[in-house]
Amino acid sequence: VLKHLRHLNFTNNMGEQVDFDEFGDLVGNYSIINWHLSPEDGSVVFEEVGHYNVYAKKGERLFINENKILWSGFSKEVPFSNCSRDCLPGTRKGIIEGEPTCCFECVDCPDGEYSDETDASACDKCPEDYWSNENHTSCIPKQIEFLSWTEPFGIALTLFAVLGIFLTSFVLGVFTKFRNTPIVKATNRELSYLLLFSLLCCFSSSLFFIGEPQNWTCRLRQPAFGISFVLCISCILVKTNRVLLVFEAKIPTSLHRKWWGLNLQFLLVFLCTFVQIVICVIWLYTAPPSSYRNHELEDEIIFIPCHEGSLMALGFLIGYTCLLAAICFFFAFKSRKLPENFNEAKFITFSMLIFFIVWISFIPAYASTYGKFVSAVEVIAILAASFGLLACIFFNKVYIILFKPSRNTIEEVRCSTAAHAFKVAARATLRRSNVSRKRSNSLGGSTGSTPSSSISSKSNHEDPFPLPASAERQRQQQRGCKQKVSFGSGTVTLSLSFEEPQKNAMANRNAKRRNSLEAQNSDDSLMRHRALLPLQ
């Protein structure tokens, strides 16, 4: 039929010429009729509202007078002729079961997807580093999150770290200025300098955890933190062990003098720190930490943490540090009865307890946090442990140096050391006397010997020759001291006088003679502890 239509033309019953073009389309003029309802009787009235002239110029073939068009009887508004309305950008068309395909519902695009056109059949997914906006009409870059220098939490941690550096520098300056005073010398001056330097490194290492993580900061911050703390605890361990060896040695031999030597102390610190350095080197060589973008924790946020490379290596690093701290705690507890000037045991014990509490609580906190709070938790642990070590070990000494200079004298140190030696010797002598008395009683013999004549005991009577108050004050002013030690059966009194040879040579000779008699009559324990006095 199409073949014949291309060559067909005729005149219809109305006298109009009908032609078909080469494509089979009808060639002719058309009138556009709008059906109107008659307001009088409701009948249909045909109203011409336009025409189509195929022979006119392009752009002028169709003419419609829209003012004449009426819809649904008498309305000029075009009625909605679809079963579903158009879907706006940010939505897509959804199929309605049991309805034709031309009927649909508009469904919002899910998070991470968008549509920027009307009646979109599907939503497009945003790129990896982008996320859909609130209306799901476009994609915007994801928020990048890390522990920043500019946020309040990062600023607070930075201020605490700077405060720790300042306080440590202040203590180092005080120890340097008063380096020749007895308090500084008695605390092992050189190791104290090294300990303060390690605390400076501890506070400084916390700053590597703040800011956008880079590969070099991720590889530097854990080794810096681990080596700094091991250096710090190694210094405390060697200091505590040195004092304990000095006061526990029966007779100071050449071997003990080697242990007391400064070179060997630094060697022990180096060996303890070298183990941690080896752990860090193996860690960096086998599984170096690096920064990465984490898209999995939250959809619209990109976290930039450090991938530690090996959690086992991190466990070894912290475990070795805690092992040294436990050994240090053991020696500090063992030396808790040493003289007050040398007895840093209670302060070291407190600092190690703070250290353990901080790092034991760090493990569950580190495992349960994510994102930027992982770095924040470790920074808080580093600062808390560092402040605990600094406060417990040095603040008391700085207080004595600056505000109690009367206690920072050689006499105070000597009196404390001599009192400790006397106390140990008295206890040993009384213990030996009790053993001899029990042995004699068991054999039916007489009671044991009394304590050495160098120990003056008074149980229920006072000193028969008390000194006047003025003379007592004068003796105290002449750089002397008097110590009292209480036991179960009485009170033992030790009097020592430290006079300059130029001022009172006779008193000095009498003191030496008295000390010589005491040394001859006391037991080996007294000889052991008095031998340590010149070393201090």
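See the values below:
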| item | result |
| --- | --- |
| Single residue of 387, 350, 329, 333 found to be modelled with pLDDT of 85 or more and open to solvent by 50 Å² or more (accessible area, probe 1.4 Å) | 387 |
| Identity of the residue in segment 248-274, surrounded by fewer than 15 Cβ atoms within 10 Å (Cβ to Cβ) and under 26 Å from the mean Cα position of the chain (by Cα), that ends up modelled with the lowest pLDDT | 270 |
| Given (1) at pLDDT 90 or above; (2) over 19 Å from residue 375 (Cβ atoms), number of the condition residue 191 does not satisfy | (1) |
| Subset of segment 170-221 (residues that are of a type in the set (Lys, Arg) and either free of Cβ contacts under 8 Å to residues at least 24 places away in the same chain or open to solvent by 30 Å² or more (accessible area, probe 1.4 Å) (or both)) | 177, 179, 185, 189, 219 |
| Segment 97-108 - residue that is over 20 Å from residue 132 (Cα atoms) and in contact with a Ser or Thr (Cβ under 8 Å, 6 or more places away or on another chain) and, of those, least open to solvent (accessible area, probe 1.4 Å) | 103 |
| Checking residue 160 against (1) open to solvent by 40 Å² or more (accessible area, probe 1.4 Å); (2) touching a Ser or Thr at 6+ places or on another chain (Cβ under 9 Å); (3) closer than 30 Å to residue 378 by Cα; (4) at pLDDT below 90, the condition it does not meet | (4) |
| Hits in segment 89-100 - residues which are part of a loop (DSSP other than H, G, I, E, B) and free of Cβ contacts under 8 Å to residues at least 40 places away in the same chain | 96, 97, 98, 99, 100 |
| Residue 48 vs. criteria modelled with pLDDT of 80 or more and open to solvent by 50 Å² or more (accessible area, probe 1.4 Å) | yes |
| Residue 85 being within 60 Å of the chain's Cα centre (by Cα) and either surrounded by 12 or more Cβ atoms within 10 Å (Cβ to Cβ) or not aromatic (Phe, Trp, Tyr) (or both) | yes |
| Qualifying residue in segment 169-187 (condition: within 30 Å of residue 285 (Cβ to Cβ), assigned by the TED database to the domain that holds residue 305 and touching a helix residue (DSSP H, G or I) at 6+ places or on another chain (Cβ under 7 Å)) | no |
| All positions within segment 118-132 that are surrounded by 13 or more Cβ atoms within 10 Å (Cβ to Cβ) and within 29 Å of residue 102 (Cα to Cα) | 119, 120, 123, 124, 125, 126, 132 |
| Breaking point among (1) without any contact (Cβ under 8 Å) to a residue 24 or more places away in the chain; (2) within 26 Å of residue 71 (Cα to Cα), for residue 105 | (2) |
| Residue match in segment 62-73 (condition: within 30 Å of residue 17 (Cα to Cα) and loosely packed, with under 12 Cβ neighbours inside 10 Å) | yes |
| Among the residues listed as 46, 23, the single one being in a strand (DSSP E or B), of a type outside the set (Asp, Glu) and either more than 30 Å from residue 121 (Cβ to Cβ) or in contact with a Ser or Thr (Cβ under 8 Å, 6 or more places away or on another chain) (or both) | 46 |
| Unique match (being under 30 Å from residue 297 (Cα atoms), of a type in the set (S, T, N, Q) and in contact with an Asp or Glu (Cβ under 9 Å, 6 or more places away or on another chain)) among 118, 91 | 91 |
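The values are calculated or read from the model by the stated rules, or taken from the named source; none is laboratory data. Remember, it's a predicted structure, so these values are computed and weren't measured experimentally. Cβ sites come from the backbone with ideal geometry, for glycine too, and all protein chains shown count toward neighbours. SASA here: full protein model, heavy atoms, side chains in, ligands and nucleic acids out. Shrake-Rupley method; radii C 1.70, N 1.55, O 1.52, S 1.80 Å.
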